[in-house]
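The values are calculated or read from the model by the stated rules, or taken from the named source; none is laboratory data. Here the structure is a predicted model, which means the values were calculated and not measured. In this analysis, Cβ positions are derived from the backbone assuming ideal geometry, glycine residues included, and neighbour counts consider all displayed protein chains. For the accessible areas, the whole protein counts, side chains as well, though only heavy atoms, and no ligand, DNA or RNA atoms are used. Shrake-Rupley method; radii C 1.70, N 1.55, O 1.52, S 1.80 Å.
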Amino acid sequence: MSTYAIGDIQGCFDELKALLELIQFGDQDKLWFCGDLVNRGPKSLETLRFIRGLGSQAVTVLGNHDLHLLAVHQGFAKAKRSDTLDAILTAPDRNELLAWLQQQPLIYTDTQLGFTMTHAGIPPAWSIKKAHRLAKECQNALRENPTNYFAHMYGNQPNTWSDSLQGPERLRVITNYFTRMRFCTPQSELEFASKGGLESQPDGFYPWFSLREQRFPNDKLVFGHWAALEGHTGTQQIHALDTGCVWGGALRALRLEDLSQTDIPSQQLNR
């Protein structure tokens, strides 16, 4: 049995199928998906249907594009010009698919493998135990009172964690850490403007994983979201899996048992 963690698909369903064929994905294997299953790519609907259909063979965490889809569906956001969500929003099974998506977590840990998965990362201020506890607050709000959750989800403030935060602001910053984080300060202050690679690091800010490695050197993490890293963090224990398939890069699978990598080049130019 093998466990493969896969980077942001974003509707690149053809590449996903080709990748699974290349790694010879079988009935005893398991797939981890780092979030952003949908949007920007051409086959978000097919992607959602396929991953939901995998049942217990797959686990996924929510990414910012997944949350955006849910917010649009529930009327709390408008689709952007670059979105490719119409096929999902008009599908006959959309309610079932999105109800399933809404139940997915923000963080997943397999204690036997020793790996934790999130979409964007975990800030240096939080242990994994604390991250799970805070993620559960958002997950409960998303499942039990989605109207209130989505009404206040968007925004960049507050940009620093404090245990004293309450209400919508508390949920918003937790969500932003898990789904939007790239650069932060040692105090876990977030910076949202810089979306390039490590060369775009703003003064006083650092890649979240370099700060986290200093504080929690034994934590083994996988994450997506940051395509400009091209799969490189420069750390031993923290693995970036978004290799920019939707932007013409590749879709990556990391076998967690031995850290072997398999990439499928984007087929965008052939579409």
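In a loop (DSSP other than H, G, I, E, B) and at pLDDT below 95 - does that describe any residue in segment 1-12? Yes, segment 1-12 has at least one match.
Determine whether Q28 is farther than 19 Å from T179 by Cα, among the polar types (S, T, N, Q) and either surrounded by 21 or more Cβ atoms within 10 Å (Cβ to Cβ) or out of contact with any Gly (no Cβ under 8 Å at 6 or more places or on another chain) (or both). Yes; evaluated as a whole, the condition is true for this residue.
Filtering L229, L259 for residues that are out of contact with any Gly (no Cβ under 9 Å at 6 or more places or on another chain), of a type in the set (A, V, I, L, M) and within 20 Å of L19 (Cβ to Cβ) leaves a single hit, L259. Taking residues in segment 128-145 that are farther than 16 Å from A71 by Cα, and partners anywhere that are of a type outside the set (V, I, T) and not in a helix (DSSP H, G or I), the pairs with Cβ atoms closer than 8 Å and at least 6 places apart or on different chains are I128/F216; I128/D219; L134/W126; A135/P105; A135/L106. So for segment 156-171 (the condition being touching a strand residue (DSSP E or B) at 6+ places or on another chain (Cβ under 9 Å) and touching a residue at least 60 places away in the same chain (Cβ under 8 Å)), does at least one residue qualify? Taking every residue of segment 156-171 in turn, none turns out to be touching a strand residue (DSSP E or B) at 6+ places or on another chain (Cβ under 9 Å) and touching a residue at least 60 places away in the same chain (Cβ under 8 Å). Checking each residue in segment 184-200 for being of a type in the set (S, T, N, Q) and closer than 11 Å to A228 by Cβ picks out S194, S200. Residue-level check: of (1) at negative phi; (2) touching a residue at least 60 places away in the same chain (Cβ under 8 Å); (3) not hydroxyl-bearing (S, T, Y), G121 misses just (1). Of the strands (runs of 3 or more DSSP E) lying entirely inside segment 168-271, those carrying at least 3 residues that are open to solvent by less than 20 Å² (accessible area, probe 1.4 Å) and farther than 20 Å from C138 by Cβ are 250-255.
Identify, please: which residue in segment 4-25 is of a type in the set (D, E) and open to solvent by less than 10 Å² (accessible area, probe 1.4 Å) and is, among those, farthest from the chain's Cα centre (by Cα)? Among those residues, the one meeting the criterion is E15. All but one of (1) without any contact (Cβ under 8 Å) to a residue 12 or more places away in the chain; (2) touching a Ser or Thr at 6+ places or on another chain (Cβ under 6 Å) hold for V38; which doesn't? Going through (1) without any contact (Cβ under 8 Å) to a residue 12 or more places away in the chain; (2) touching a Ser or Thr at 6+ places or on another chain (Cβ under 6 Å) one by one, V38 breaks only (1). Is it true that G35 is in contact with a strand residue (DSSP E or B) (Cβ under 7 Å, 6 or more places away or on another chain) and on the phi > 0 side of the Ramachandran plot? In short, yes.
Okay, residues lined up against (1) polar (S, T, N, Q); (2) in contact with a helix residue (DSSP H, G or I) (Cβ under 6 Å, 6 or more places away or on another chain):
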residue	(1), (2)
W100	no, yes
R143	no, no
N176	yes, no
R182	no, no
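Considering only segment 139-155, I want to know if a residue exists there that is surrounded by 14 or more Cβ atoms within 10 Å (Cβ to Cβ) and of a type in the set (K, R). No; the residues of segment 139-155 include none that is surrounded by 14 or more Cβ atoms within 10 Å (Cβ to Cβ) and of a type in the set (K, R).
The test for being small (G, A, S), under 27 Å from S2 (Cα atoms) and outside any helix (DSSP H, G or I) does not hold for G155.
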